[in-house]
Amino acid sequence: MKPRVGVLTSGGDCPGLNAVLRGVALAAEKLNLEVLGFLDGFEGLLPPGNFILLDRRSTSGIMPRGGTMIGTTNRGHFVGKIGAGDKAIVAAEVIADAKRILREQRVEALIIVGGDGSMTTALQLQESGINCIGVPKTIDNDLEATAMTFGFDSAVATVTDALDRLHTTATSHKRVMILEVMGRHAGWIALHGGLAGGAHIILIPEIPFDYDKIGEALRRRDARGSIYSLVVVAEGSRPSDGSAVMRPVETGEFRFGGIGNIVAAEIAARTGKETRCTVLGHLQRGGAPTTLDRILGTRFGVQAVKMIHKRQFGSMVSYQNYQVRHVPIADAINRLRLVPVDGEMVQTARDVEISFGD
Ligand code: F6P
């Protein structure tokens, strides 16, 4: 019987997860390991155990597919953390059940592909005696412990494409088009997408904005004869005298979202311009991964299996200086990488006359 390892995907999905799973399956085969893919995040660890075999055959052809072939959830029995810094503890019985299922299935180590919250759970599992390896995932690209995560590039490509499309209709109608994008605490998607898509105003959580300053920036464009404008708004952005906008979802929880329409209304009221808001939402999380995300996902998956082989448990894959390395999971959680407000990217944007509304 071959030694077995497990893998699961947890939290919000993103393009590139299937590339990770394929990388895990193929690298494991090379080391004569069998891989069980636990379904729907950590929930697949609950009795009676819900999993499928991930091998060369079952992962064949999945690289270009968005989402995750083994499902995911950002809810359920293992939610170890809700929101930045807001920890919850996974119940001892739940962990005991998971340990029993892993033991019964002869799973010697578990690869957990997820974001900050999932890594908090991973650390708790590791501390309870389950051998865990973390693989970082967030389209927001806001984990301090890794310079990049897969899914981000695909999300930025979707934002860029949306801006290209909004550009043509904005010029036809001489309108101000507002695009609300993801980014709860960090404005990386808005900043990169806005730069690539030629936005004129980019609003990010790290730089509180002022509606009057946005109006001034639009009037400056008018004075130069520009007949339209593109505004990108990260969902976590907020005015300097206000707070971020949240909306309730079906579970009674709150999610970021709604600031785009407010910005559109404030611009219309201040400038008299015709404005329209598009909320890109989960389109940023769906669809085929870009080349970069396929490669990064594959590298992360292969690295995770190598880390199991070297018994580097309690560690998370990390991308630093163009190399795939690893860091302790404990060092990776609760440390968000925000856009440096005086950094080169923001300055470059300002140098090409992008306003941050400040
Ligand atoms: O963390 C990734 C993310 O896509 C955020 O950018 C967004 O605010 C959130 O997840 C949406 O969560 P859900 O899929 O539960 O609506």
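General remarks:
- Here Tyr211, Tyr322 are placed in order of increasing Cβ neighbour count within 10 Å, fewest first, which gives Tyr322, Tyr211.
- Quotient of Cα Rg and 2.2 N^0.38 Å for segment 129-238, N being how many residues it contains: 1.26
- GNM top mover of Gln320, Gln303, Gln126 - the chain, alpha-carbon springs below 10 Å: Gln320
- FRET E, pair Val249, Met1, Förster distance 45 Å, beta-carbon r, rounded to 0.05: 0.55
- DSSP bridge pairs, the chain: antiparallel proportion in percent, nearest 5: 30
- For segment 154-285, a simple Cβ point-charge model (Lys and Arg +1, Asp and Glu -1, everything else neutral) yields a dipole of about 360 debye relative to the Cα centre.
- Note on the chain: Cα Rg divided by 2.2 N^0.38 Å, N the number of residues, gives 1.06.
- Cut-off 19 Å, label 7 Å out along Cα→Cβ of Arg100, residues of segment 37-57 by amide N: 39, 42-51
- Fluctuation leader among Gly129, Gly257, Gly236 - the chain, Gaussian network, Cα springs under 10 angstrom: Gly129
- Take the Cβ atoms of Glu266 and Arg335, set R0 to 25 Å, and the FRET efficiency comes out at 0.15.
- Point-charge dipole on Cβ atoms (K/R +1, D/E -1) for the chain, about Cα centre, debye to 20: 920
- The mean sequence separation of alpha-carbon pairs under 8 Å and at least six residues apart, normalised by the residue count of the chain, gives a relative contact order of 22 percent.
- Rounded to the nearest 20 debye, the dipole size of segment 287-350 about its Cα centre is 320 debye, using +1 on the Cβ of Lys and Arg and -1 on the Cβ of Asp and Glu.
- Whole-Å distance, taken between Cα centres, linking segment 1-68 and segment 109-178: 19
- Only lysine pairs 8 or more places apart or on separate chains count here, and in the chain those with Cα atoms under 15 Å apart total 4.
Quick note: the coordinates plus some simple rules give every number you see, no bench work behind them. Bear in mind that the values here come from a model prediction, so they are computed numbers and not experimental data. All Cβ positions, glycine included, derive from the backbone under ideal geometry; neighbour counts span all protein chains shown.
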